[in-house]
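Student: One structure, pasted below without further comment.
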Amino acid sequence: MAGSRGREHLINCSSCGRRLPRGKAVSYERRVVFSTDTRTADDVKYFDTHTEHYCPSCGKSKGIYEKKKRQAMRKYNTG
């Protein structure tokens, strides 16, 4: 890539708010489900994914590394 040199963009940690370069951040994709409270045939559900970025210390304390490791092993064993 031609634009990969120079300063990386800074992002905020989703947990503690620390500013860090994007290359050092741990990105984790969360799936969120919004639904109506009624359990009928016309129940409306909306699925959305959010990409959250964590600093290495928050990723370690929240167990994000272990979750990513389990996801990778699951993908490796099934594929």
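Student: Select from the range 8-43 the residues that are under 10 Å from the mean Cα position of the chain (by Cα) and of a type outside the set (A, V, I, L, M) and write down the one among them that is farthest from residue 72 (Cα to Cα). First the steps, then the outcome.
Tutor: At the first step, the residues of the range 8-43 found to be under 10 Å from the mean Cα position of the chain (by Cα) are 14, 26-31.
Those still in the list that are of a type outside the set (A, V, I, L, M) too: 14, 27-31.
Values: 14: 22, 27: 14, 28: 12, 29: 13, 30: 15, 31: 17 Å.
Ranking the qualifying residues of the range 8-43, first place goes to 14.
Student: Could you please find all residues in the range 20-43 being under 19 Å from residue 8 (Cβ atoms) and out of contact with any Pro (no Cβ under 9 Å at 6 or more places or on another chain)?
Tutor: At the first step, the residues of the range 20-43 found to be under 19 Å from residue 8 (Cβ atoms) are 20-28.
Result: 21, 22, 23, 27, 28.
Student: Filter the range 61-79 down to residues that are part of a loop (DSSP other than H, G, I, E, B) and among the polar types (S, T, N, Q), then give me how many there are. Can you show your working first?
Tutor: Residues of the range 61-79 that are part of a loop (DSSP other than H, G, I, E, B), as a first pass: 63, 79.
Within this subset, residues satisfying the condition of being among the polar types (S, T, N, Q) are none.
Qualifying residue count for the region: 0.
Student: How many residues are under 9 Å from the mean Cα position of the chain (by Cα) and more than 10 Å from residue 15 (Cβ to Cβ) when one looks only at the range 44-66?
Tutor: Within the range 44-66, residues that are under 9 Å from the mean Cα position of the chain (by Cα) and more than 10 Å from residue 15 (Cβ to Cβ) number 3.
Student: Moving on to the next point. From the list 15, 57, which one is modelled with pLDDT of 90 or more, surrounded by 10 or more Cβ atoms within 10 Å (Cβ to Cβ) and in a helix (DSSP H, G or I)? Give the steps one after another, and end with the answer.
Tutor: Working: 15 fails: in a helix (DSSP H, G or I).
Within the list 15, 57, the selection yields 57.
Student: Here is a follow-up. Out of the range 25-51, which residues are small (Gly, Ala, Ser) and under 30 Å from residue 65 (Cβ atoms)? Outline the logic, then answer.
Tutor: Within the range 25-51, the subset small (Gly, Ala, Ser) is 25, 27, 35, 41.
25, 27, listed by residue number.
Student: Return the residue satisfying two criteria in turn: it lies in the range 18-54 and is surrounded by 10 or more Cβ atoms within 10 Å (Cβ to Cβ) and of a type in the set (S, T, N, Q), and of such residues it is modelled with the lowest pLDDT.
Tutor: Among them, the one singled out is 36.
Student: If you don't mind, another one. Would you say residue 9 is modelled with pLDDT of 85 or more, touching a strand residue (DSSP E or B) at 6+ places or on another chain (Cβ under 8 Å) and surrounded by 14 or more Cβ atoms within 10 Å (Cβ to Cβ)? Quick ask: steps written out before the conclusion?
Tutor: Working: modelled with pLDDT of 85 or more: yes; touching a strand residue (DSSP E or B) at 6+ places or on another chain (Cβ under 8 Å): yes; surrounded by 14 or more Cβ atoms within 10 Å (Cβ to Cβ): no.
No: the conditions fail for residue 9.
Student: Also: In this structure, does residue 65 turn out to be surrounded by 12 or more Cβ atoms within 10 Å (Cβ to Cβ) and without any contact (Cβ under 8 Å) to a residue 60 or more places away in the chain? Break it down into steps so the answer makes sense when it comes.
Tutor: Details: surrounded by 12 or more Cβ atoms within 10 Å (Cβ to Cβ): yes; without any contact (Cβ under 8 Å) to a residue 60 or more places away in the chain: yes.
Yes, satisfied.
The values are calculated or read from the model by the stated rules, or taken from the named source; none is laboratory data. In this text the structure is predicted, and so the values were computed from the model without any measurement. Virtual Cβ from ideal backbone geometry, glycine too; neighbours counted across all protein chains shown.
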